[in-house]
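The values are calculated or read from the model by the stated rules, or taken from the named source; none is laboratory data. This one's a predicted model, so the numbers in the text were calculated from it and none came from an experiment. Cβ placement follows ideal geometry from the backbone for every residue including glycine, while neighbour counts extend to all protein chains displayed.
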Amino acid sequence: MPNRKAGKFIVGVDLGGTNIVVGALSEDGSREYAMRSEPTRAGQGADAVVDRMVRMIDTVIAETTAATGAKRNACLGVGVGAPGPLDREAGVVLTTPNLGWTNFPLRTVIAERVGLQATLDNDANCATLGEWWLGAARGGRNVVGMTIGTGIGGGLILDGRLYHGASDVAGEIGHTTIDVTGRRCKCGNYGCLEAYASGPSIAERAREAMGDDTSSRLYAMVEGDLSKLTAATVYAAAEAGDDTALDVVRETARFLGTGIANLLNVFNPDVVVIAGGVTQAGDSLFEPMRREVRRRAFRAAVESCRIVPGALPGTAGVVGAVATFRQQALGAV
């Protein structure tokens, strides 16, 4: 028997370089009906990834209708958040360094495959909007969002509205330069923030810091196979007091703090919300990161801004994809 009555609902899709998360929320965001997560497996190619997305969307819709007694036509549509840059008007993914896609018409493909209206926005825009709508940035008027995972994305809400810029590439915080002669980024540039503080970059810096040292807790945690080292491993080892991991986390905090200080001086936000796996590091990352921001940004900008971890771990992108569908397709605020 259905356990609760559903009204209209919207499906949100968060397409990431590592995982795809799909969920169904009520139209007003007050209820979560279903949520699914699966590995992206980008190496299998765009068609295989889309097949997985479509299957997950259909599964979430079926679970929602089974649990609530609603019909499939109660689903208003599908909001998709994808790595960019994008052409939102055409619904096309222009290029994705972490997926390897170029000029892929994702919105049309999803809409045709599931038989529902679909919208497309940048995944980090979605995560930022999700935290602003239902999460840690609620009440903010000027919000900078950062998503730190396989890459580093960003979103900007200025005077209460999601800001896309002249050609839909506003908020590419991960590809701001923090070292003009620095590490090469997957985007082709050198010294990008993403090349230092994304999940894979944190793991790579930890491997470099270890060198031939087998005494580090990190070495034992991956049973000597350093290819298995991840940012999550680094955070866990730092929490346990490993010196190498602590140094890497502190250095990551300096990189992120530098990038955030630049944003405070440019946008003067009242909230900076940081989502993604990096939040697992907790105060060992956030406290030195805030100190670095205080050291580099104007005092007035620092004093008017909260720098907080996201409150929707694992689901901010889905919530935001629903929110972007509400705005783009339904005209909701």
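Only residues that are assigned to a loop (DSSP other than H, G, I, E, B) and either in contact with a Lys or Arg (Cβ under 7 Å, 6 or more places away or on another chain) or on the phi > 0 side of the Ramachandran plot (or both): list them for the stretch 15-47, please. Correct list: 27, 29, 41, 45.
Being among the hydrophobic types (A, V, I, L, M, F, W, C), in the same structural domain as residue 238 (by TED's automatic domain parsing) and free of Cβ contacts under 8 Å to residues at least 40 places away in the same chain is the requirement here; does residue 197 meet it? For residue 197, the condition - among the hydrophobic types (A, V, I, L, M, F, W, C), in the same structural domain as residue 238 (by TED's automatic domain parsing) and free of Cβ contacts under 8 Å to residues at least 40 places away in the same chain - is not met.
Just the residues that are surrounded by fewer than 24 Cβ atoms within 10 Å (Cβ to Cβ) and touching a Pro at 6+ places or on another chain (Cβ under 6 Å), please, taken from the stretch 117-162. Selection gives 142 alone. Can residue 50 be described as in contact with a helix residue (DSSP H, G or I) (Cβ under 8 Å, 6 or more places away or on another chain), assigned by TED's automatic domain parsing to the domain that holds residue 325, part of a helix (DSSP H, G or I) and not acidic (Asp, Glu)? So residue 50 passes the test. Can you name the helices (runs of 4 or more DSSP H) wholly within the stretch 157-269 that have at least 3 residues being hydrophobic (A, V, I, L, M, F, W, C)? Those helices (runs of 4 or more DSSP H) span 199-210, 217-221, 231-239, 243-267. Taking residue 34 as the residue in question, decide whether it is of a type in the set (Gly, Ala, Ser) and over 30 Å from residue 146 (Cβ atoms). Here the answer is no, as residue 34 does not meet what is asked.
Report, by residue number, each residue of the stretch 59-108 that is part of a helix (DSSP H, G or I), among the β-branched types (Val, Ile, Thr) and crowded, with 16+ Cβ neighbours inside 10 Å. Walk me through how you get there before you give the answer.
Restricting attention to the stretch 59-108, the residues satisfying the condition of being part of a helix (DSSP H, G or I) are 59-68, 72-74, 106-108.
Checking which are among the β-branched types (Val, Ile, Thr) leaves us with 59-61, 64-65, 68, 108.
Across the stretch 59-108, the qualifying residues are 60, 61, 64, 65, 68.
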